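The structure appears below as structure tokens.
The values are calculated or read from the model by the stated rules, or taken from the named source; none is laboratory data. As the structure is a prediction and not an experimental result, all values here were calculated from the model. Using ideal geometry, Cβ is built from the backbone for each residue, glycine included, and neighbour counts are taken over all protein chains shown.
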């Protein structure tokens, strides 16, 4: 049931906007008519209103699936400023905050609930939602649902099944980047009609696109010249590697420019400070990996430079889309060199796990019984597979009908008494005192905190884990203790479907290989489109299935600024000294580098759980990343011949 009000009246009442932007009304009308829809809008063009407005009109809850907590917070702050009830459920909430959100949901007072896609893998959470009337499910970054998407996330693939399970009457899929293949995948998943697929196009006439092939040794000075000669304006410089961000920012600072490095390896407080300074400054320069930009709502970014080749054309479209959102002209220039392709390819190859590791992990899961829990961190360490890839493997098992996710939980609780321990115990009868003292006796005492592995303690005591958790939660609610949690574990149950580990592992390995092949093809297509002749804008739009109809007239090609083509990527044979390094590493054979692929990753500078967590860390070995400029495939072939 919905409030009787027209979309335009709702726009004025809840948001105070005079009119809709392009495409917003079309999407809104499809949703109000009860249809699912796909909205493909460029970055900064108002995708969020496409669901926020209908959500205000609907009387039931709108469930918003979003991948980043920071984005959720920004959207909720925006809605609260307009007195629109919205909330999020994530791991950062306290127990009291979590319960308060559920009180709003049950009372029907909440309009929008934001969750991460991973939370919908929680069987218990889904069963709670089944008792709630949901008017609409919104899926942000919906391109992640397609294996043809540029940052495919398997948890997204399960959302279509979840929407069906929750009997959601309509779904809105949102993305800024969707090729025709990706859009077709999304429409098929949710039976979206042609008229409910609204794509307003990627064309931004105020962006001047420049693609400049640049020799590697001259790239730094080319960027410096651009920064020194440009008119004042906020600037983002995108790079591929964290170390490049730091080195380049330091060098620019030495040249007198106010540059700051930003990447995922920095402390959260440092990242937050840099982002806040960038948002407040009119002339700030941030040298950043792709970790910077999601949720950046700064309309007056005047320059976006790609010091390295972007990760994909979708990434490129998103990153340049952060410039000139105020409609004022902005410059987006990429300083291109084909050598960057090697780093991009190496990361892709590095994500593909060893077949033997996949088989070993699947065999272990097969033998764990009907109900079990696992630590992704532990599996990652023992099988030398990155945690994200372990999660992908587990999702494939769920999608294959072999496993069903139950609920994640924390295995370790750090406990500190806020009142004297004796006083706390005195509040309980003798039997409960004995239980609590026995439970705490299984913990490890530190200077301030007692670390209690609740699962191990429950097994040792012959008790249900839930009883120990109830005791800890009660003591915390009564103000006796404070807690910190760690060691997340994911629960699973067998569905009853029989499977052979070898056959299932073989299937999963084939999927990883297919994904690797798609990503390598995507990188090749990226280079072709960026470096071929013709109007830059038409080439980019063509990739996304859009035809401008004529040259744009304002890119560097259309303006006649056509620098000489850079050298094509060279893939020379390995030198004898390089081959000698590979042979010597095979002879040394550290425990973490037993297979040729492990050694190839190590030499190409791709850290793995085994190399990062070894003691001492192998990433400090001088041979680590010594061949990072050599194609991974060549290093792997040489490593296999030396095995």
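Filtering region 405-450 down to residues that are surrounded by fewer than 16 Cβ atoms within 10 Å (Cβ to Cβ) and in contact with a strand residue (DSSP E or B) (Cβ under 7 Å, 6 or more places away or on another chain), which residue is nearest to residue 368 (Cα to Cα)? Residue satisfying both the conditions and the ranking: 444. Given the criterion in contact with a helix residue (DSSP H, G or I) (Cβ under 6 Å, 6 or more places away or on another chain) and in a loop (DSSP other than H, G, I, E, B), identify the matching residue among 552, 558. The match here is 552. Across region 280-289, the number of residues qualifying as modelled with pLDDT under 90 and out of contact with any strand residue (DSSP E or B) (no Cβ under 7 Å at 6 or more places or on another chain) comes to 1. The number of residues in region 461-493 that are closer than 30 Å to residue 360 by Cβ and touching a helix residue (DSSP H, G or I) at 6+ places or on another chain (Cβ under 9 Å) comes to 8.
Note on region 399-502: enclosed helices (runs of 4 or more DSSP H) holding 2 or more residues that are under 35 Å from the mean Cα position of the chain (by Cα) are 454-461, 465-477.
None of 37, 33 is buried (at least 20 other Cβ atoms within 10 Å of the Cβ) and either more than 30 Å from residue 481 (Cβ to Cβ) or without any contact (Cβ under 8 Å) to a residue 40 or more places away in the chain (or both) except 37.
For residue 568, are the conditions met, namely being assigned to a loop (DSSP other than H, G, I, E, B) and either modelled with pLDDT under 90 or not assigned by TED's automatic domain parsing to the domain that holds residue 176 (or both)? It is true that residue 568 is assigned to a loop (DSSP other than H, G, I, E, B) and either modelled with pLDDT under 90 or not assigned by TED's automatic domain parsing to the domain that holds residue 176 (or both). Scanning region 71-96 for residues that are more than 16 Å from residue 118 (Cβ to Cβ) and surrounded by fewer than 14 Cβ atoms within 10 Å (Cβ to Cβ) yields 77, 80, 81, 82, 83, 94, 95, 96. For the structure I just gave you, tell me whether residue 53 is outside any loop (DSSP other than H, G, I, E, B) and either free of Cβ contacts under 8 Å to residues at least 12 places away in the same chain or in contact with a strand residue (DSSP E or B) (Cβ under 9 Å, 6 or more places away or on another chain) (or both). Against the criterion (outside any loop (DSSP other than H, G, I, E, B) and either free of Cβ contacts under 8 Å to residues at least 12 places away in the same chain or in contact with a strand residue (DSSP E or B) (Cβ under 9 Å, 6 or more places away or on another chain) (or both)), residue 53 does not qualify. Residue count for region 2-60 under the criterion of being at pLDDT below 95 and on the phi > 0 side of the Ramachandran plot: the result is 3.
For residue 613, the requirement of being over 18 Å from residue 344 (Cβ atoms), more than 24 Å from the chain's Cα centre (by Cα) and not assigned by TED's automatic domain parsing to the domain that holds residue 388 is not met. The residues on offer are 316, 396, and the sole one that is buried (at least 19 other Cβ atoms within 10 Å of the Cβ), within 25 Å of the chain's Cα centre (by Cα) and under 30 Å from residue 223 (Cβ atoms) is 316.
If you check 618, 585, which single one turns out to be surrounded by 20 or more Cβ atoms within 10 Å (Cβ to Cβ), farther than 19 Å from residue 572 by Cα and over 30 Å from the mean Cα position of the chain (by Cα)? After ruling out the rest, the residue left standing is 585.
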